[in-house]
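The values are calculated or read from the model by the stated rules, or taken from the named source; none is laboratory data. Since this is a predicted model, take the numbers as computed values, not measurements. Please note: Cβ atoms are built from the backbone with ideal geometry, for glycine as well, and neighbour counts cover all protein chains shown.
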Amino acid sequence: MRLKSTARFIRAAQCRWNSSISRSARQENQFLKDIQCRHSSTKPSALTIGNETYPTDSWTNIPDSILDALPRRLHLQPSHPISLTRRLIESRFQSPTYIHHNTLSPIVSVAQNFDSLGFPLDHPGRSRTDTYYINAATVLRTHTSAHQADTFALNASPGFLISADVYRRDAIDRSHYPVFHQMEGARMWDRRKVLGGDIAKAVWADLETLPTHSMQVSDPNPTIHPDRNPLQATHHTHEEAEALAAHLKRSIEAVVLEIFTQARLASLSTTPSAKSSSSSIATSEEPLQIRWIEAYFPFTSPSWELEVLWQGTWLEVLGCGIVQQTLPINAGVPDQVGWAFGLGLERIAMLLFGIPDIRLFWSKDERFLSQFGEPGRSLDHVEKRAGVSAAGGTIEGIRDWGIKRFVPFSKYPASPRDVAFWLPLTSSPTSSNPNPPFHENDVMEIIRDIGGDLVEDAQMLDDFVQKGTGRKSLCYRIVYRSLERTLRGEDVSDLHTKVGEELVRRLGVALR
Ligand code: FA5
Ligand code: MG
């Protein structure tokens, strides 16, 4: 069955299963009424998504709440903070060196998302508890790296940026959401094309053209560590890896400094109520602190993550590294070597705009959406008037993006509720039954599925094993809070009861 409306991008073939999460305040009441009848239907035999119909199978695990997010594409909505953040970063990686891809389909093959990147078959990221499967061969991309191999094969430019919505079954809190947006960046050099075939020399020469900065960066580890962060010795010399790493880090540092400079500028031209919000680094008088730490990805080596000090804790904003040479080789461009990164746009937008809760990005409330304007004014007047140095450092060529800090419209009360249950005593999954016995992400998904964006946080409070029976008990605290209104106690209780019922129905637990 195919629905006529393409705006409703996705529909189940026969019926919908699981829940439909409504995200605007107006729809919340209807949503509370509807929850009674949504959880009884069976899985359809096919899913129609856009113009394509996909057969479902025992791997299919996508709830309607996720299907509803597919057409939103926040990174393309003109004045949305995710889109503004994307454009700000894009301005530092420009054509003709970098081509920007912003409309690649979120539906990719398991081969694109995992195999092409060298994920081992037993990698936890492949499991149904972590990834949304349309069917055994097809997933919602879990990262923008899913498009690396195809974009290398296109070979249309030395570099590229890919911005897109990505999907992960994940924990619930203020900086994690099952749909978020990433930006992938890569820059390659062709051994046959650089002068004298000297990649290191060519990369260092290109690095000279990047903006310099005076920001403090902690980077205590050597570029290469034989065990923790190895050189791809058959493909790169030590000098090449050093040059590529330096170019990668300088390129990213320039972007990070630009972002924090914009955040500072926004705070200077902002109202006292926005300033008093504690959620933004922009209000801090401290110099910006960032650090490089060693990391591991199957598709880069050596690899790093960049962390930013935010509200007293180190927040990871991106992963990156030197591209595993198997990727360009398999893509038919074996002479190209280079670097790649993948960053979380929400994490950066939260810092940039002072947005305290990741759910706000999905709000359709005008009090949220109307706050973010069009970029493009000249920076000169702001810089002269304020006399700022850029976020603890200086950088060339900054312009004013007209970034405005988010002014919280209200903080509505939280309603915490606990649910405790016994896990069933289960056996291991078999090839005919890919469902693993129990995974915390299943609990999270049921909570999110029932509570939608009314759930601010869900955490395990305690667990214990009963002596004798060996039965395991878990207790979760769920914090319900609307971003748009005060929730009525009985509505929260209805939701919470439904969460308990669904835990019993779908996971076979026994409530305590
Ligand atoms: C990756 O996804 C790699 N593909 C990144 C990469 C690309 C490495 C290219 C090397 C080369 P990771 O799972 O760490 O890595 O996610 C990257 C970023 O996405 C994180 O640093 C974080 O900023 C953001 N992120 C991850 N999970 C979430 C989430 N649930 N909600 C919001 N942002 C998230
Ligand atoms: Mg990470």
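Looking at region 301-311, can you tell me whether even one residue there is buried (at least 19 other Cβ atoms within 10 Å of the Cβ), under 17 Å from the mean Cα position of the chain (by Cα), within 16 Å of ligand 2 (Cβ to nearest atom) and closer than 17 Å to residue 188 by Cβ?
no
Restricting attention to region 208-216, does a residue exist that is surrounded by fewer than 19 Cβ atoms within 10 Å (Cβ to Cβ) and at pLDDT 95 or above?
yes
Counting only residues that are of a type in the set (Gly, Ala, Ser) and within 8 Å of ligand 1 (Cβ to nearest atom), give me the strands (runs of 3 or more DSSP E) lying completely in region 138-197 with at least 1 of them.
Correct list: 179-190.
Could you pull out the residue among 65, 95, 127 that is surrounded by fewer than 20 Cβ atoms within 10 Å (Cβ to Cβ), over 27 Å from residue 154 (Cα atoms) and either free of Cβ contacts under 8 Å to residues at least 60 places away in the same chain or hydroxyl-bearing (Ser, Thr, Tyr) (or both)?
None of the other options fit; the residue is 127.
Would you call residue 79 of a type in the set (Gly, Ala, Ser) and touching a Phe, Trp or Tyr at 6+ places or on another chain (Cβ under 7 Å)?
yes
Could you please tell me which pairs satisfy a Cβ distance under 7 Å, a separation of 6+ or placement on different chains, a first residue in region 286-307 that is over 20 Å from residue 217 (Cβ atoms), and a second residue that is more than 9 Å from ligand 1 (Cβ to nearest atom) and in a loop (DSSP other than H, G, I, E, B)?
298/118; 298/119; 299/118; 299/324; 301/230; 301/232; 301/324
Tell me which of these residue 320 doesn't satisfy, since it passes every other one: (1) modelled with pLDDT of 95 or more; (2) more than 6 Å from ligand 1 (Cβ to nearest atom); (3) hydrophobic (A, V, I, L, M, F, W, C).
(2)
Filter region 465-507 down to the residues that are in contact with a helix residue (DSSP H, G or I) (Cβ under 9 Å, 6 or more places away or on another chain) and polar (S, T, N, Q) and list them by number.
Once the filter is applied, which keeps residues that are in contact with a helix residue (DSSP H, G or I) (Cβ under 9 Å, 6 or more places away or on another chain) and polar (S, T, N, Q), region 465-507 yields only 482.
Note down all Cβ pairs under 8 Å where the first residue falls in region 359-378 and is farther than 17 Å from residue 73 by Cβ, the second is modelled with pLDDT of 90 or more and β-branched (Val, Ile, Thr), and they're at least six residues apart or on different chains.
Listed by first residue and then by second, the contacts come to 371/407.
Quick check on residue 257: is it within 18 Å of residue 305 (Cβ to Cβ) and modelled with pLDDT under 95?
Criteria met by residue 257.
If we scan region 46-63, do we find a residue that is in contact with a helix residue (DSSP H, G or I) (Cβ under 8 Å, 6 or more places away or on another chain), among the hydroxyl-bearing types (Ser, Thr, Tyr) and at pLDDT 50 or above?
no
Does residue 349 satisfy being in contact with a strand residue (DSSP E or B) (Cβ under 9 Å, 6 or more places away or on another chain), touching a residue at least 40 places away in the same chain (Cβ under 8 Å) and more than 16 Å from ligand 2 (Cβ to nearest atom)?
Yes, satisfied.
Residue 293 fails exactly one of the following numbered conditions: (1) buried (at least 22 other Cβ atoms within 10 Å of the Cβ); (2) closer than 26 Å to residue 260 by Cβ; (3) more than 9 Å from ligand 1 (Cβ to nearest atom). What is the number of that condition?
All conditions are met except number (1).
Which condition breaks for residue 331 when tested against (1) more than 16 Å from ligand 2 (Cβ to nearest atom); (2) hydrophobic (A, V, I, L, M, F, W, C); (3) over 23 Å from residue 242 (Cβ atoms); (4) crowded, with 20+ Cβ neighbours inside 10 Å?
(4)
Residues that are assigned to a helix (DSSP H, G or I) and out of contact with any His (no Cβ under 9 Å at 6 or more places or on another chain): does region 222-233 have at least one?
No, every residue in region 222-233 fails to be assigned to a helix (DSSP H, G or I) and out of contact with any His (no Cβ under 9 Å at 6 or more places or on another chain).
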